[in-house]
């Protein structure tokens with residue numbers, strides 16, 4: 001009845017017995033309490049707690065931060081893929097729509113797994129916008145989820161067009177610089193478009209990792225390690241490919 005009356009509201013159901021199972025399943029988020037009435041509610045719920053007093057930190061600390069970080073994962077995932085896919089569209093104009101790809105196929109497959117995966121995995125696990133004491137003292141911080149401020153059609157479009165804008169900067173700056181510096185090397189050859197593709201690719205890797213680094217609220221001695229590993233992986237694979245004679 002509540003979901004039908006308020007279709008845009010997010011509902012929460014809390015129960016500790018088998019008679020609460022239907023209510024827990026109907027709500028957007030269900031919380032089961034392990035109690036004397038058995039474990040049916042806890043088994044059917046999204047979250048299970050041992051005592052009712054744990055509900056407040058579950059909502060105002062973990063629930064609020066889970067919402068914020070999951071929204072960031074979704075937005076950032078779209079952003080970083082737009083960042084390195086769209087430059088190939090720009091390259092179509094550069095190559096007279098010949099069908100030639102900008103990136104070397106081997107490198108193209110490594111972007112999401114090897115070049116940009118660790119920072120966005122580290123972020124939702126270890127980043128906290130505030131401490132637990134602050135969340136418990138100021139429950140109005142919980143309004144972030146109730147007002148959908150972290151994820152909506154507008155925020156999604158903002159990140160999408162930000163990816164397009166950054167891809168424009170990366171592609172045209174890199175290609176213009178390479179065009180201006182396209183001099184003959186000692187062996188009588190000039191740098192080909194693969195060089196341009198690798199430079200654009202490397203700039204996209206650096207931009208994607210630097211952006212998520214700027215979104216961190218917790219800055220310690222560990223949060224930069226995933227970034228260094230991802231950027232280093234680009235140079236390692238570039239060296240490996242160059243050493244093999246394919247580049």
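Where a number appears in this text, it was derived from the coordinates with a stated rule and is not lab data. Quantities reported herein were computed from a predicted structural model and do not represent experimental measurements. Cβ placement follows ideal geometry from the backbone for every residue including glycine, while neighbour counts extend to all protein chains displayed.
Calculated FRET efficiency, residue 4 to residue 85, Cβ-Cβ distance, R0 = 45 Å: about 0.65 to the nearest 0.05.
Report, in degrees rounded to the nearest 10, the 0 to 90 angle that the Cα long axis of helix 64-94 makes with the longest principal axis of the chain. Taking Cα atoms only, the helix is inclined about 20 degrees. Dividing the helix sum by the residues of the chain, where each DSSP H run of 4 or more adds -39500 (n - 2.57), gives a mean residue ellipticity at 222 nm of -17500 deg cm²/dmol. Angle of helix 153-180 to the longest C-alpha principal axis of the chain, folded into 0 to 90 degrees and rounded to 10: 20°. Applying D = kT/(6 pi eta Rh) to the stretch 86-125, where Rh is the Kirkwood radius over alpha-carbon pairs, T corresponds to 4 °C and eta to 1.567 mPa s, the Stokes-Einstein value obtained is 108 µm²/s. A straight line joining the Cα centroids of the stretch 114-184 and the stretch 2-21 runs 33 Å. When P(r) over Cα pairs in 10 Å bins from 0, in percent is computed from the coordinates, the matching label among (1) 6, 23, 25, 19, 14, 9, 4, 1, 0; (2) 8, 34, 40, 18, 1; (3) 7, 30, 38, 21, 5, 0 is (1). With angles folded into 0 to 90 degrees, how steeply does helix 117-126 sit against the dominant principal axis of the chain? Use alpha carbons for both and round to 10. Its long axis makes an angle of about 30 degrees.
Between 147, 11, 155, the GNM of the chain built on Cα springs shorter than 10 angstrom shows 11 fluctuating the most.
Note on residue 178 and residue 51: their simple-model spin labels are 6.2 nm apart, each label 7 Å out from Cα toward Cβ.
Counting neighbouring Cβ atoms within 10 Å and putting the fewest first, the residues 69, 5, 43, 64 line up as 5, 43, 69, 64.
The equivalent ellipsoid of the stretch 2-50 has semi-axes of 21, 9, 7 Å, largest first, where each one is the square root of 5 times an eigenvalue of the Cα gyration tensor. Extension gain for the segment residue 137 to residue 238, taken as residue separation times 0.36 nm less the Cα-Cα distance, is 31.4 nm to one decimal. Computed from label points 7 Å out along Cα-Cβ, the spacing between residue 43 and residue 217 is 3.7 nm.
Length gained on full extension, residue 101 to residue 158, computed as 0.36 nm times the residue gap minus the Cα-Cα distance: 17.8 nm.
If a spin label sat at a point 7 angstrom from the Cα of residue 144 along the line to its beta carbon, the backbone N atoms of the stretch 43-69 nearer than 13 Å would be those of 60-69.
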